[in-house]
1. For the pair A142/D40, report the inter-label distance in nm, with labels modelled 7 Å from Cα in the Cβ direction.
2. Classify the stretch 132-184 as rounded, prolate or oblate from the Cα gyration tensor: take a ≥ b ≥ c as the square roots of its eigenvalues, call it rounded if a/c is under 1.5, otherwise prolate when a/b beats b/c and oblate if not.
3. Among S219, L53, S81, whose Cα projects farthest towards the positive end of the dipole of the chain, with charges put on the beta-carbon of Lys, Arg (+1) and Asp, Glu (-1)?
4. Apply the a/c threshold of 1.5 to the C-alpha gyration tensor of the stretch 165-264 and tell me whether it is rounded, prolate or oblate.
5. In the structure displayed, which of K10/K165; K14/K128; K10/K128; K125/K151 lie more than 29 Å apart, Cα to Cα?
6. Could you line up W160, W46 from fewest to most neighbouring Cβ atoms inside 10 Å?
7. Between T114 and residues 5 or more places away or on another chain, which pairs have amide H atoms under 5 Å apart, with H built 1.01 Å from N, and which residues are they?
8. What is the Cα centroid distance between the stretch 105-128 and the stretch 17-34, reported in whole angstrom?
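Values quoted throughout were computed directly from the atomic coordinates according to the rules given, and no laboratory measurement underlies them. Note that the structure is a prediction, hence the values are computed from the model and not measured. Note: ideal-geometry Cβ built from the backbone for every residue, glycine included; neighbour counts use all protein chains shown.
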Amino acid sequence: MTYETRAGVKIFHKTTGDGTPAIFSHCSLGNHNIWRPLVDRMSDGWRCTAIDLPDHARSDATPVGQDPQRLAADVLLDLASDHEEPVHLVGHSFGGTAALLAAVTQPEMFGSLTLLEPVPFGIAKGTKAYDDHSAALADFPAALAAGNKRKAAEIFHAVWGGGVKLSHLQEGHMIAIIENIQVIGRQGPALYDDINGIMRPGGLAQITCPVRLVGADRSPSIAAVMLDVLHQHMPHAVRHTIADAGHMFPQTHPSQVADILQTL
């Protein structure tokens with residue numbers, strides 16, 4: 001376990017195994033432990049680094065005036081720079097958008113990119129799935145603005161919690177989500193308005209390494225729409241769908257995800 005300065009902020013990360021380097025970037029309101037079931041199933045020959053992204057768990061908060069997605073991507077790039085060989089980058093949900101931004105920024109650093117239902121919501125604008133998603137989260141901004149963290153967390157988790165109610169989580173996990181729910185609001189400009197330019201003309205075309213776009217068949221419909229749009233911009237990517245799974249499939253279906261990663 002390591003706690004050190006990366007991209008100007010203190011970051012906690014844990015590395016296991018030895019061999020081909022892979023970095024794992026978790027979802028909003030998660031932490032490095034989300035990857036444990038998956039990393040435990042990776043075969044010998046992998047050096048897996050799972051991090052606590054800025055604003056999460058033991059890592060520092062994003063400094064005022066900086067964007068959380070940009071900082072998270074810079075942390076991933078800093079970690080990748082430790083290796084002489086290209087790194088395999090794996091990102092889930094918000095962590096998938098940070099991974100995508102890192103790959104757009106310096107594509108030569110990565111040997112592959114695996115995106116597990118990344119959430120650049122803005123690319124789905126104009127679709128029914130986007131409208132349905134907006135309706136499901138309609139009361140979230142008001143709850144957050146009113147300081148009603150529990151209500152805001154319940155609204156968000158009902159959509160993106162993989163089908164598990166917030167109240168059914170272990171108490172410590174539930175409390176951590178409630179206390180940190182304001183992070184979701186801070187991520188909005190990057191996820192909805194693409195302020196970091198992931199979708200700028202020619203940006204995704206720079207990513208020439210193998211790409212895997214992975215979804216789950218029980219996730220909100222907007223998840224598949226976002227994967228569709230990304231696939232249009234990266235036609236060399238390979239699509240995978242995890243059956244009988246929701247958005248938290250890296251935790252609930254780690255064997256299937258490990259099988260996909262180990263075909264790289």
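1. In this crude spin-label approximation the distance works out to 4.3 nm.
2. Because a/c hits 1.5 or more and a/b fails to exceed b/c, the stretch 132-184 counts as oblate.
3. Positive-most Cα among the choices belongs to S219.
4. Details: a/c = 2.30, a/b = 1.27, b/c = 1.81.
Oblate, since a/c reaches 1.5 and b/c is not below a/b.
5. Table pairs above 29 Å Cα-Cα are K10/K165; K14/K128; K10/K128.
6. Numbers: W160 24, W46 19.
With the fewest neighbours first, W160, W46 line up as W46, W160.
7. Sorted by chain and number, the residues that satisfy this are L89, V90, G91, R212.
8. Result: 17 Å between the Cα centres.
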